[in-house]
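Colleague: Right, I'll just put the structure down here and ask away after.
The values are calculated or read from the model by the stated rules, or taken from the named source; none is laboratory data. For clarity, every value in this text was computed on a predicted model and none was experimentally measured. Every residue, glycine as well, gets a Cβ built from its backbone with ideal geometry; the counts of neighbours run over all protein chains shown.
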Number of protein chains: 2
Amino acid sequence: MVLPVDSQRPSSWLSKEGPEYDVVISSRARFARNLSNYPFYDKNPDDKKKKLRNEIFSVLKEEEITAGWNFLSLGELSTSERQLLAERRLASDELISELESGVVFSEGEYTSVMVNEEDHLRLQSISSGFDIDRAYDAATKLERTLNDRFQFAYDSRWGYLSACPTNLGTGFRASVLLHLPGLVLQQKINKILKAISNLGLTVRGFYGEGSETKGFYFQLSNQVTLGQSAEKFKASLERVVKQVITQERKAREELINSAGIELEDRIGRSYGILKHARKINTREALQLLSLCRLGVDRGLVPHVDIKRLDGLLQLLQPGHLQCSVGEELSEKQRDFYRAEKVGKEFSGAPP
Amino acid sequence: MVLPVDSQRPSSWLSKEGPEYDVVISSRARFARNLSNYPFYDKNPDDKKKKLRNEIFSVLKEEEITAGWNFLSLGELSTSERQLLAERRLASDELISELESGVVFSEGEYTSVMVNEEDHLRLQSISSGFDIDRAYDAATKLERTLNDRFQFAYDSRWGYLSACPTNLGTGFRASVLLHLPGLVLQQKINKILKAISNLGLTVRGFYGEGSETKGFYFQLSNQVTLGQSAEKFKASLERVVKQVITQERKAREELINSAGIELEDRIGRSYGILKHARKINTREALQLLSLCRLGVDRGLVPHVDIKRLDGLLQLLQPGHLQCSVGEELSEKQRDFYRAEKVGKEFSGAPP
């Protein structure tokens, strides 16, 4: 099977500038759903998982909404290809280790369905920048389409049932991926993250565990899915994100004023190393890209497109590199190809 | 007084490619001489130092050999200007702290005289690359000219007398400045340096104390000046240097074969940082320039001129930066102007 994904190009939602893209990389909405006539995933035998996937695929293929979409059975893919899907957020780490799992996704990879994840169905949509509405509308449309065709596990008191209590009720989770170098470098991030937690939101470092070394990317999402409507969860996330955006922009201003030449130096060196290194690991690449992103935003790195930097967040990851080269690579080889990839990406940029 | 030295341009001997310039930056020959009718420097009162300098200057000005040369009384110069002279090897650190000292030098700064150093006269000539003969010939010619005009302190048994016993006899010291990244990175340098010491030569790290961090530059010179002729000292230094050149080239070959991508990466990063840093201290700059020099030699850094890198060894030093900007600078400011200087120097080079 030829993978209907170009490992040399990032997902469309990552390549496009969305609202407030200086701070918000992407927004996502997802619903967890289970079919009432199958056991939950962890009790479901392999043959039934397969049957479930086939059933979902064949129903989805009949729908107008999925015209032109791609249908993948993950068991038919190589390890690198499965990894690539996870790097593009079309699959979760759990999904790619399940051979009977499946992925269905739209052109541009905006909207997708994971089959046989922790729940039978994870319906998600991602939009560029700060645009939860768009993601929410697409995910909701998909959920309604499937709701019309399947009997979802539902309880009149608890709402939608889920394999894990954290997804009970709406099964809805909205999230945004933020780039917060200002708050991190101004050492205001911990205070902000604490405040966010108190507002019923979860924060985690993205592309790693949230330490500065991994690159200032954070994902914010609603902590619980129960007790109010999906729209209300969405609205409260939006309110908090708006405040974080304001705080982050303020922190960047202060940073430029206070750190001045030190910051410019750090950013300049990041750019120089990315452009001229001959081997680089994922961790360092993310860190340097993140500093460059701040530099581009502040006008310190001319002629570099911020969205191309964002695209590298996918393209430099192991699965992408391996699919690009067309073979499994050792860590050493990946470090080499990663540096080559960044160098090429920056080759149009000035010295 | 306007300093007859352009702080934006390195000395001519440093800018030109001499023989074996891949390994040898420059060769130097110098004679220590004292006038018999003055006390040695450390017993000489200030007024007599001044008289001595005036006498030397006026005699030298009459000679054909010094047509177009520059005459400087160091007491008339600013701290930065004196420092600049030391960085260009026209003055020693001792000389620039002596207010009654003087420097006389030829166009291109090949041949020069220090007056009121540890000895009354230090006559030296520097040539590009591995060319002790040329330096020796020029220094000898200068010595003979002065020998005809002055009565030098001389003892029939000991030869030329000197303020320090290490210069007794010929008063002659030949030296070469070597770039030995291959031997350092292949960890063969200590063995080589030990062997060199056993051959009656002195080695010291140049531009610092010889550790790798300072940049792989070493100066070789004859240890004693007594017991044989200057020409014999010169010849034995030449023999050793030839061997070191062979060893260094061999080490570079081995290094490329064994370290491959690691080395290319280190060199690439050095280039990237030099080109894009916004502040950089002398130590780091030297280290990175040194790696780049190896890269240029091995064809890994295209379109960069090895002699322009060598020129930066002078131009990035504190005195040069201060004279360039036209004022005393704090360390922080120097780091900034140093980065700016390298950036400009590399701006013609490709990304």
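Colleague: Looking at (1) away from chain B (no Cβ under 11 Å); (2) over 22 Å from B:VAL342 (Cα atoms); (3) in contact (Cβ under 8 Å) with a residue 24 or more places away in the chain; (4) not acidic (Asp, Glu), find the lone condition where A:LYS332 falls short.
Modeller: The number of the failed condition is (1).
Colleague: Among the residues that make up region B:294-301, is at least one of them closer than 25 Å to A:LEU288 by Cβ, charged (D, E, K, R), under 25 Å from the mean Cα position of the chain (by Cα) and more than 14 Å from every other protein chain (Cβ to nearest Cβ)?
Modeller: No.
Colleague: Test A:GLU284 against the stated conditions and say whether it is within 13 Å of another protein chain (Cβ to nearest Cβ), over 19 Å from A:PHE346 (Cβ atoms), assigned to a helix (DSSP H, G or I) and free of Cβ contacts under 8 Å to residues at least 40 places away in the same chain.
Modeller: no
Colleague: If you check every pair at least six apart or on different chains, which have Cβ atoms under 7 Å apart with a residue in region A:144-159 that is closer than 15 Å to A:ARG122 by Cβ first and a residue that is among the aromatic types (Phe, Trp, Tyr) second?
Modeller: Cβ pairs passing all conditions: A:PHE152/A:TYR160; A:ALA153/A:TYR160.
Colleague: Among the residues in region B:303-310, are any within 11 Å of chain A (Cβ to nearest Cβ) and surrounded by fewer than 19 Cβ atoms within 10 Å (Cβ to Cβ)?
Modeller: Checked against the condition, which is being within 11 Å of chain A (Cβ to nearest Cβ) and surrounded by fewer than 19 Cβ atoms within 10 Å (Cβ to Cβ), region B:303-310 yields at least one hit.
Colleague: What is the residue count in region B:167-191 for residues that are loosely packed, with under 14 Cβ neighbours inside 10 Å and at negative phi?
Modeller: 2
Colleague: Out of A:ASN70, A:ASN37, report the one residue that is touching a residue at least 40 places away in the same chain (Cβ under 8 Å), in contact with a Pro (Cβ under 7 Å, 6 or more places away or on another chain) and either in the same structural domain as A:SER97 (by TED's automatic domain parsing) or more than 30 Å from A:ARG293 (Cα to Cα) (or both).
Modeller: On the way: A:ASN37 fails: in contact with a Pro (Cβ under 7 Å, 6 or more places away or on another chain).
Just a single option satisfies the conditions, and that option is A:ASN70.
Colleague: Could you list, in sequence order, all residues of region B:85-99 that are in contact with a strand residue (DSSP E or B) (Cβ under 7 Å, 6 or more places away or on another chain) and surrounded by fewer than 21 Cβ atoms within 10 Å (Cβ to Cβ)?
Modeller: B:ARG89, B:SER92
Colleague: Sort through B:SER106, B:SER97, B:SER101, B:SER112 and tell me the only one that's within 14 Å of the chain's Cα centre (by Cα), in the same structural domain as B:LEU77 (by TED's automatic domain parsing) and small (Gly, Ala, Ser).
Modeller: After applying the criteria, what remains is B:SER112.
Colleague: On to the next question. Which condition number in (1) part of a loop (DSSP other than H, G, I, E, B); (2) farther than 30 Å from B:LYS332 by Cβ; (3) more than 11 Å from chain B (Cβ to nearest Cβ) is the one that A:LYS279 fails?
Modeller: (3)
Colleague: Please find, among A:LEU193, A:LEU178, A:LEU201, A:LEU183, the residue that is free of Cβ contacts under 8 Å to residues at least 60 places away in the same chain, in contact with a helix residue (DSSP H, G or I) (Cβ under 8 Å, 6 or more places away or on another chain) and either closer than 30 Å to A:LEU315 by Cα or basic (Lys, Arg) (or both).
Modeller: A:LEU201
Colleague: Looking at (1) within 13 Å of chain B (Cβ to nearest Cβ); (2) surrounded by fewer than 23 Cβ atoms within 10 Å (Cβ to Cβ); (3) of a type outside the set (Ser, Thr, Tyr); (4) in a helix (DSSP H, G or I), which is the one condition that is false for A:LEU255?
Modeller: Of (1) within 13 Å of chain B (Cβ to nearest Cβ); (2) surrounded by fewer than 23 Cβ atoms within 10 Å (Cβ to Cβ); (3) of a type outside the set (Ser, Thr, Tyr); (4) in a helix (DSSP H, G or I), only one is false for A:LEU255: (1).
Colleague: Do we find that A:VAL241 is under 30 Å from A:ARG33 (Cα atoms), among the β-branched types (Val, Ile, Thr), outside any helix (DSSP H, G or I) and not assigned by TED's automatic domain parsing to the domain that holds A:TYR337 in this structure?
Modeller: Judged against the criteria, A:VAL241 is not a match.
Colleague: Working carefully through the options A:VAL244, A:VAL325, find the one that is under 26 Å from A:ALA86 (Cα atoms), away from every other protein chain (no Cβ under 14 Å) and touching a helix residue (DSSP H, G or I) at 6+ places or on another chain (Cβ under 7 Å).
Modeller: A:VAL325
Colleague: Regarding region A:146-162, can at least one residue be identified that is touching a strand residue (DSSP E or B) at 6+ places or on another chain (Cβ under 8 Å) and among the charged types (D, E, K, R)?
Modeller: The answer is no, given that none of the residues of region A:146-162 is touching a strand residue (DSSP E or B) at 6+ places or on another chain (Cβ under 8 Å) and among the charged types (D, E, K, R).
Colleague: With the requirement that a residue be of a type in the set (D, E, K, R) and either buried (at least 24 other Cβ atoms within 10 Å of the Cβ) or in contact with a strand residue (DSSP E or B) (Cβ under 7 Å, 6 or more places away or on another chain) (or both), what does region A:114-145 give you? Give the steps one after another, and end with the answer.
Modeller: Step one: of region A:114-145, the residues of a type in the set (D, E, K, R) are A:117-119, A:122, A:131, A:133-134, A:137, A:141, A:143-144.
Across region A:114-145, the qualifying residues are A:ASP119, A:ARG122, A:ASP131, A:ARG134, A:GLU143.
For every residue, the table says whether it meets (1) surrounded by 15 or more Cβ atoms within 10 Å (Cβ to Cβ); (2) over 23 Å from A:GLY171 (Cα atoms).
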| site | (1), (2) |
| --- | --- |
| A:GLY18 | yes, yes |
| A:ASN34 | yes, no |
| A:ASN37 | no, no |
| A:ILE56 | yes, no |
| A:SER101 | yes, no |
| A:VAL104 | yes, no |
| A:SER112 | yes, no |
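Colleague: Determine whether region A:5-12 contains at least one residue that is outside any loop (DSSP other than H, G, I, E, B) and at pLDDT 95 or above.
Modeller: yes
Colleague: Any idea how many residues of region B:128-182 are in a strand (DSSP E or B) and under 26 Å from B:ARG239 (Cα atoms)?
Modeller: Counting residues in region B:128-182 that are in a strand (DSSP E or B) and under 26 Å from B:ARG239 (Cα atoms) gives 12.
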